[in-house]
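The values are calculated or read from the model by the stated rules, or taken from the named source; none is laboratory data. Predicted model, so just to flag it, every value in this text is computed and none were measured. All Cβ positions, glycine included, derive from the backbone under ideal geometry; neighbour counts span all protein chains shown. When the accessible area is computed, the model is the full protein with side chains, heavy atoms only, and any ligands, DNA or RNA have been set aside. Shrake-Rupley method; radii C 1.70, N 1.55, O 1.52, S 1.80 Å.
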Amino acid sequence: MTTLLTWLVEPLQQEFMVRALLVSTLVSCVCGLLSCYMTLKGWALMGDAVSHAVMPGVVIAYALNLPFAVGAFVFGVGSVALIGYIKQMTRIKEDTVIGLVFTGFFALGLTLISKVRSSIDLSHILFGNVLGISSSDILQTVLISLLVLTVLVVLRKDLLLFCFDPTHARSIGLHTGVLHYLLLSMLSLAAVAGLQTVGIILVVAMLVTPGATAYLLTDRFDRMVWLSILSAVISSVAGIYWSYWMDASTAGCIVLVQTLLFLLCFLLAPRHGLLAQRRRSPRASRFPSA
Amino acid sequence: MPSRLPHLSGNERISVRHLCVEYHGVVAVHDASLHLDAGTICALVGMNGAGKSTLFKALMGFVRPSAGSIAINGLPLKEARRARAVAYVPQTESVDWNFPVNVHEVVMMGRYGAMNLLRIPRPVDREAVKEALDRVDLWPLRDRQIGALSGGQRKRAFLARALAQGASVMLLDEPFNGVDIRTEKLMIELFEQFRREGRTLMISTHDLSHVTGFCDQVVLINKTVLAYGETASVFTSENLALTFGGLRLEAAPAAATDPDPQTP
């Protein structure tokens, strides 16, 4: 008992640990909520693309001494607009365009970072640096998170309808084009926030895994949101502790816990888990009685 | 059952005049005209790629016509949309049945346009949803996730959404696809009720057996309106040969060979 308490409390005596835990909890709430929409809309690849595409924006913003969120937002939304434009103007399929655009942006970021002399550490962008996060970065992350949370909470029903049935949404006068780009903008912002915690390479996990995990557990959207946030927060907190005691990569630990939680639900989820499906006849579970 | 439609001036529900729609220079619909009055069930018959879904999209205001005009209840499309006059009932195949929403939530989506920004249901919205669910006999199943419904119940859930919306014009995309006889009979009964309430239904179908049964009017389409009017007078073998026989219109030579170009 004492050991467990020590295990939990000792890291909290370090200020950087407290900050890391608070920041990543907030980021997890944002990403957990957003990942529900990403999962339902089928935008995982888009999340991957946007999170990579923000890199040149971050580098330029640092070099010009601007808030990194500004640069990231411009490039995140820019990449999405470019993907949409190329898809519309050519016959190339969307996943190809996505792969093409985000690697291009990412390569631009890599090149820039190697040429622009600045204080940025490549590995911090790629793999996150939540344990060494600066005060100004915390402030930006908090502002971004509050903005994204507000938008997603206010428009949650419209966004849900947009994911479920965009045709109907449009036919009753909702501005689906606005919703589309708004959701993508929130994705860009959340990617920037998540980048602080786990870095560009793994941020897509923050944007996909909690939602996917929660989707296996419930058929109600409200519950899905809470479960998704819960699993994201648990993963971040447990991951940070784990990395502290093991002296291992923080990003790696956080995403690993997320993945383990997903696997657990994949196996044991009450209705949609593997074991539950095995127990029922596979046919009956796939096709409800007509 | 009394009509719950708001008072609408005039008797004309759908008015399409000389409509042309092009996608990137490819003609999808050319010079189409038709007029439908209140309380009409109209079949929209044509081959795949004949322009059925383009016409639906035009009626919902999703595509900008390159020429011609459309009015719903005598209103321009923008105002008609604001009044939520047109409901679209999707094909069963195009719905994600695993989506985590229940029947009540889906039907409530019909009311969103009328609610405040946060979409918090008012008593009037709840009543409309209850009434719609009662009419299609799904009130007891309102808490079911939509994928847990049977095929016929799924169809009825989306009809309830159109009812809750208070639409005076309903566009139904292949509603009888994959439906058993019992469900089909139930749906036709509902359609006939809607007609009595003064709603106008446009049903896209390539199955001709439905057309003569309960449709008052038929629109035959192949890149343009080939013929429309009373079912008996339009439904001639000559017209059908025109619709399905692959005869191409001189007006739209490029489009006739193109597959459906309007996937969103």
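The figures follow:
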quantity: Only one of B:GLY39, B:GLY49 that is assigned to a loop (DSSP other than H, G, I, E, B), more than 14 Å from every other protein chain (Cβ to nearest Cβ) and farther than 21 Å from B:ILE188 by Cα; calculated: B:GLY49
quantity: Tally, over the stretch A:166-180, of residues that are of a type in the set (Val, Ile, Thr) and in contact with a strand residue (DSSP E or B) (Cβ under 7 Å, 6 or more places away or on another chain); calculated: 1
quantity: B:PHE56 vs. criteria of a type in the set (Phe, Trp, Tyr) and closer than 28 Å to B:PHE214 by Cβ; calculated: yes
quantity: For B:PHE62: the one exception among (1) assigned to a loop (DSSP other than H, G, I, E, B); (2) more than 9 Å from chain A (Cβ to nearest Cβ); (3) over 30 Å from A:LEU216 (Cα atoms); calculated: (2)
quantity: Answer residue from the stretch B:80-103, given it is surrounded by 22 or more Cβ atoms within 10 Å (Cβ to Cβ) and either assigned to a helix (DSSP H, G or I) or of a type in the set (Asp, Glu) (or both) and is nearest to the other protein chains (Cβ to nearest Cβ) among those; calculated: B:ALA80
quantity: Among the candidates A:ASP165, A:ASP137, residue that is open to solvent by less than 50 Å² (accessible area, probe 1.4 Å) and at pLDDT 90 or above; calculated: A:ASP165
quantity: The stretch A:111-123, residues that are crowded, with 17+ Cβ neighbours inside 10 Å and modelled with pLDDT under 90; calculated: A:ILE113, A:ILE120
quantity: Residues located in the stretch A:115-159, provided they are outside any helix (DSSP H, G or I) and away from every other protein chain (no Cβ under 14 Å); calculated: A:VAL116, A:ARG117, A:SER118, A:SER119, A:ILE120, A:ASP121, A:GLY128, A:ASN129, A:ILE133, A:SER134
quantity: Selection from the stretch A:69-110 of residues that are small (Gly, Ala, Ser) and buried (at least 20 other Cβ atoms within 10 Å of the Cβ); calculated: A:ALA69, A:GLY71, A:ALA72, A:GLY76, A:SER79, A:GLY109
quantity: Condition met for B:ALA67 (in contact with an Asp or Glu (Cβ under 9 Å, 6 or more places away or on another chain) and more than 11 Å from chain A (Cβ to nearest Cβ)); calculated: yes
quantity: B:SER204 being surrounded by fewer than 24 Cβ atoms within 10 Å (Cβ to Cβ) and either within 14 Å of chain A (Cβ to nearest Cβ) or among the hydroxyl-bearing types (Ser, Thr, Tyr) (or both); calculated: yes
quantity: Condition check for A:SER243: surrounded by fewer than 24 Cβ atoms within 10 Å (Cβ to Cβ), part of a helix (DSSP H, G or I) and among the polar types (S, T, N, Q); calculated: yes
quantity: Qualifying residue in the stretch A:169-186 (condition: hydroxyl-bearing (Ser, Thr, Tyr), within 9 Å of chain B (Cβ to nearest Cβ), open to solvent by 10 Å² or more (accessible area, probe 1.4 Å) and without any contact (Cβ under 8 Å) to a residue 12 or more places away in the chain); calculated: no
quantity: Matching helices (runs of 4 or more DSSP H) fully within the stretch B:166-244 where at least 2 residues are in contact (Cβ under 8 Å) with a residue 60 or more places away in the chain and touching a helix residue (DSSP H, G or I) at 6+ places or on another chain (Cβ under 8 Å); calculated: B:181-196, B:209-214
quantity: Yes/no for B:VAL26 being under 21 Å from B:ALA164 (Cβ atoms), within 14 Å of chain A (Cβ to nearest Cβ) and in contact with a helix residue (DSSP H, G or I) (Cβ under 7 Å, 6 or more places away or on another chain); calculated: no
quantity: Matching residues in the stretch A:226-240 - criterion: being open to solvent by 20 Å² or more (accessible area, probe 1.4 Å) and either in contact (Cβ under 8 Å) with a residue 40 or more places away in the chain or within 14 Å of chain B (Cβ to nearest Cβ) (or both); calculated: A:TRP226, A:LEU227, A:ILE229, A:LEU230, A:VAL233, A:VAL237
quantity: Filter pass, A:THR25 being surrounded by fewer than 24 Cβ atoms within 10 Å (Cβ to Cβ) and either in contact with a strand residue (DSSP E or B) (Cβ under 9 Å, 6 or more places away or on another chain) or in contact (Cβ under 8 Å) with a residue 60 or more places away in the chain (or both); calculated: yes
quantity: Qualifying residues in the stretch B:165-180 (those that are within 11 Å of another protein chain (Cβ to nearest Cβ) and open to solvent by 20 Å² or more (accessible area, probe 1.4 Å)) - the one farthest from B:GLY74 (Cα to Cα); calculated: B:ASP180
